[in-house]
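Notes follow once the structure below has been shown.
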Amino acid sequence: MIQIERISKRFKKLQVLDNINVLFEKGQVVSLIGPNGSGKTTLIKSILGLVKPDSGTILVNNILAGKSPDYRSQIGYMPQIGRYPDNMKVGHLFSMLENLRAEKKHSLDKDLIQSFKLEDIYQKPMRTLSGGTRQKVSAAVAFMFSPDILILDEPTAGLDPLSSEILKEKIRKEKTKEKLILITSHILSDLDELTTHVTYLQEGKLLFMKDIATLQEDTGEIKLGKAIARVMRGEHTDGSWIDKIFNTSSNEEKR
Amino acid sequence: MLKLSRYVLYDIVRSKIIIAYTLFLFLVSFSLFQLEENESKAILSLLNIILIVLPLVSIVFSTIHYYNSYEFIELMLSQPLSRKRILLSEFFGVAMSLSGAFFVGVGIPVLIFSFNSVGLSLLFTGVMLTIIFASLAFLASVLSRDKAKGIGVTLLLWFYFTLIYDGLVLMILFSFSDYPLEKIIPVLSALNPVDLGRIFIMLKMDVSALMGVTSAMYQDFFGSFIGVLFTVGVMALWAIIPLRFALLVFNKKDI
């Protein structure tokens, strides 16, 4: 569904993305993991066309990203920090988005608006909302048009445990609908129960992309958190496993 | 396009600055017409205020609006809307509200007290200057990410067009007074929309007879039908070209 080929991006002196090749298929819940500043958000923003890569191509459902904006109707995006016009009221925001996208008859998905009880704050201006409430609004916006691809940047950061559970339950529900869900998070325990594939980025390079079973096997850890910690520390039971992954992933590309 | 502009307009009207600006213009022009017995004297005073205040308000307001709408632009960019459409909607929203304010604030008094060719050319010049400076403001704003820098640049632009440029022209006229300068006068004035507007209106008034040789020089060119076409065309170019460049820059920008 999302095919990323040889993407590179440099911000002045910093190489944020370095020749990234990866293929995300539908039905996958992919965790994008990496230390701070490893390029996760830039990669996501490149998929959305918010950041223009220096070289390489991104195909979303076989449409070249960044040319025509229409492919974005297939994508629901929840940003890391949701920023909204100060004066706009919450209810107004939802009705505006509905109105702007009315030309395509989507069946609107208002599950999250209901379960987060956002209707109660419809009259509040966006600037009065707390960080967590903003996150809820962002989540509701991302899911509203039932997109085939969901991109969630740190979805549970800032949410209280209850809301976090509601959101995870929603992600689990969408997972059964054969969608592609991309999640970045540092709270690995949240990802544990959701994810099917793990992608690891470091200093702009894609170190590996593999399914969760293989990762557990390679690191000898069941918990995602411990497995990733092993990878980050560079200690692994089988020293050559990274080479192995690179071989398999390049085979995948040839396919 | 208009759908999106409507939300921009709504946001601007709610901020109340535009209403204060309308009231200010209305009070100034209304009292000028009341104080001066001679309507063309009133128009002349009004002209001087318009040539200074209008560009300043237009360029500063548009710049601040752009930076304040950055969140809104970000949100819209993750929706299936093209960058061109988003920037143009912002521009039309700002340009329409500012020219609306001018039309109510100055237009109504002028139409009541001085409904003739001078009054109408004053209105035309005012609307064009508003649009031109909004367009320059958008170019300056997309070029810099920093708000303070953006506003600084727009203030410099305003200084240049209302004060510095006239000084430069005077200097040229003095240093090259031995040469026939009639030919380059239209070119020099075309390089500054404020000057162009001033000449365009002055020549419609009786006072132009008092300005001596220069006026005769101007009258030859700007008084003719071709001169009017020239003025309208050059002003349109001043509005379109900066906006065009702003779109080019905005299309390549990383958000």
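Bear in mind that the values in this text are calculations on the coordinates, not laboratory data. Since this is a predicted model, take the numbers as computed values, not measurements. Please note: Cβ atoms are built from the backbone with ideal geometry, for glycine as well, and neighbour counts cover all protein chains shown.
What list of ³J(HN,Hα) couplings, whole Hz, do you get for segment A:68-74 from phi and the Karplus terms 6.51, -1.76, 1.60, once you set θ to phi - 60° and write x for glycine and proline?
Here the 3J(HN,Hα) series is 9, x, 4, 4, 5, 5, 8 Hz.
Which loop-located trypsin sites (Lys or Arg not before Pro) does segment A:27-85 contain, where loop means any DSSP state but H, G, I, E or B and the Cβ has at most 12 other Cβ atoms within 10 Å?
A:LYS67
Of A:LEU206, A:GLY220, A:GLY37, whose Cα points farthest to the positive end of the dipole of chain A (charges on the beta-carbon: +1 Lys, Arg; -1 Asp, Glu; origin at the Cα centre)?
Selected residue: A:GLY37.
Straight-line reach from A:LYS67: which aspartates and glutamates have a Cα under 15 Å away, not including same-chain ones fewer than 8 places off?
Candidates past the 8-residue exclusion: A:ASP54, B:ASP254.
For segment B:2-252, what's the radius of gyration and Dmax over Cα atoms, in angstrom?
Values for segment B:2-252 (Cα only, Rg and Dmax): 19.1, 62 Å.
What is the extension gain from B:LYS84 to B:ILE172, computed as 0.36 nm multiplied by their sequence separation minus the C-alpha to C-alpha distance, in nm to one decimal? Don't skip to the answer; put the middle values down first.
Numbers: separation 88, 0.36 × 88 = 31.68 nm, distance 4.02 nm.
Stretched out fully, the B:LYS84 to B:ILE172 stretch lengthens by 27.7 nm.
How many angstrom lie between the C-alpha centres of segment A:207-228 and segment A:11-41?
Rounded to whole Å, the Cα centres lie 18 Å apart.
Between B:LEU2 and B:VAL228, what is the FRET efficiency for a Förster distance of 22 Å, r being their Cβ-Cβ separation, to the nearest 0.05? Kindly include the intermediate steps, with their values, before the conclusion.
Details: r = 31 Å, r/R0 = 1.39.
Approximately 0.10, to the nearest 0.05.
With the cut-off at 1.5 for a/c, could you classify chain A from its C-alpha gyration tensor as rounded, prolate or oblate? Show your work: numbers first, answer last.
Values: a/c = 1.88, a/b = 1.50, b/c = 1.25.
It comes out prolate by the Cα gyration axes.
How many partner chain Cβ atoms sit within 10 Å of a residue's Cβ in peptide A:92-99, on average, as a whole number?
Counting other chains' Cβ atoms within 10 Å and averaging over A:92-99 gives 3.
Between B:ASN48 and B:ILE164, how many nm apart are label points set 7 Å from Cα along the C-beta direction?
Going by the 7 Å Cα→Cβ label model, 2.4 nm.
Where nothing but the Cβ of Lys and Arg (+1) and of Asp and Glu (-1) is charged, how large is the charge dipole of segment A:103-181 around its Cα centre, in debye to the nearest 20?
Working: 15 positive and 13 negative charges, 22 e Å.
The dipole magnitude comes to about 100 debye.
Nearest 20 debye, what's the magnitude of the dipole of the protein assembly as shown about its Cα centre given +1 on Lys and Arg Cβ and -1 on Asp and Glu Cβ?
On the way: 55 positive and 48 negative charges, 119 e Å.
Roughly 580 debye for the protein assembly as shown.
For a 20 Å ceiling on Cα separation, which of these pairs sit above it: A:LYS13/A:LYS205; A:LYS26/A:LYS173; A:LYS175/A:LYS210; A:LYS40/A:LYS173; B:LYS84/B:LYS252? If you can, show how the numbers build up before the last one.
Working: A:LYS13/A:LYS205 16 Å; A:LYS26/A:LYS173 15 Å; A:LYS175/A:LYS210 18 Å; A:LYS40/A:LYS173 25 Å; B:LYS84/B:LYS252 11 Å.
Long pairs (Cα-Cα over 20 Å): A:LYS40/A:LYS173.
Restricting to bridges with both residues inside the protein assembly as shown, how much of the DSSP beta-bridge set is antiparallel, in percent to the nearest 5?
On the way: 21 of 38 bridges.
Percentage antiparallel, nearest 5: 55.
Could you tell me whether the protein assembly as shown comes out rounded, prolate or oblate from its Cα gyration tensor? Rule is a ≥ b ≥ c as square roots of the eigenvalues, rounded for a/c under 1.5, then prolate if a/b exceeds b/c, otherwise oblate. Working shown, then result.
Numbers: a/c = 3.45, a/b = 2.24, b/c = 1.54.
Cα axes put the protein assembly as shown in the prolate bin.
For chain A, with the dipole built from +1 on Lys and Arg beta-carbon atoms and -1 on Asp and Glu ones, taken about the Cα centre, which of A:THR195, A:PHE24, A:ILE121 lies farthest toward the positive end?
A:ILE121
So how tilted is helix B:117-143 from the main axis of chain B? Cα-based, degrees 0 to 90, rounded to 10.
40 degrees
Between B:SER82, B:TYR70, B:THR130, whose Cα lies farthest towards the positive end of the dipole of segment B:48-197 when Lys and Arg beta carbons carry +1 and Asp and Glu beta carbons carry -1, centred on the Cα centre?
Positive-end residue among those listed: B:SER82.
Measure out, as a whole number of angstrom, how far apart the alpha-carbon centroids of segment B:80-145 and segment A:60-119 sit.
31 Å
Relative contact order (percent) for chain A, with alpha-carbon contacts under 8 angstrom and 6 or more residues of separation?
Values: 430 pairs, mean separation 63.7, N = 255.
The normalised contact order for chain A reaches 25 percent.
Can you give the charge dipole size of segment A:37-196 about its Cα centre, rounded to the nearest 20 debye, using +1 on the beta carbon of Lys and Arg and -1 on the beta carbon of Asp and Glu? Intermediate values should be presented prior to the final figure.
Working: 23 positive and 20 negative charges, 85 e Å.
Around 400 debye, computed over segment A:37-196.
So who's got an amide H within less than 5 Å of the one on A:PHE208, skipping anything under 5 residues away but keeping other chains? H placed 1.01 Å off N, in plane.
A:TYR200
Average partner chain C-beta neighbours within 10 Å, per residue of B:5-17? Display every interim value, and only then the final one.
Numbers: counts 0, 2, 7, 1, 0, 4, 5, 1, 0, 3, 2, 0, 0.
The shielding value for this peptide is 2.
Name the aspartates and glutamates eligible as straight-distance cross-link partners of B:LYS147: C-alpha to C-alpha under 14 Å, and not fewer than 8 places from it in the same chain.
Here the aspartates and glutamates satisfying the reach criterion relative to B:LYS147 are B:GLU71.
Using 7 Å Cα-to-Cβ label points, what is the B:PHE24/A:LYS52 separation (nm, one decimal)?
Calculated label separation equals 3.6 nm.
Sketch the reach of a paramagnetic label on A:THR196 as a point 7 Å from Cα along Cα-to-Cβ, and name the residues of segment A:1-35 whose backbone nitrogen lies under 12 Å away.
A:1, A:24-31
What is the sum of charges, Lys and Arg at +1 and Asp and Glu at -1, for the other residues whose Cβ falls under 9 Å from the Cβ of A:SER185?
Values: positive: none; negative: A:ASP153, A:GLU154, A:ASP190.
With Lys, Arg at +1 and Asp, Glu at -1, the neighbours total -3.
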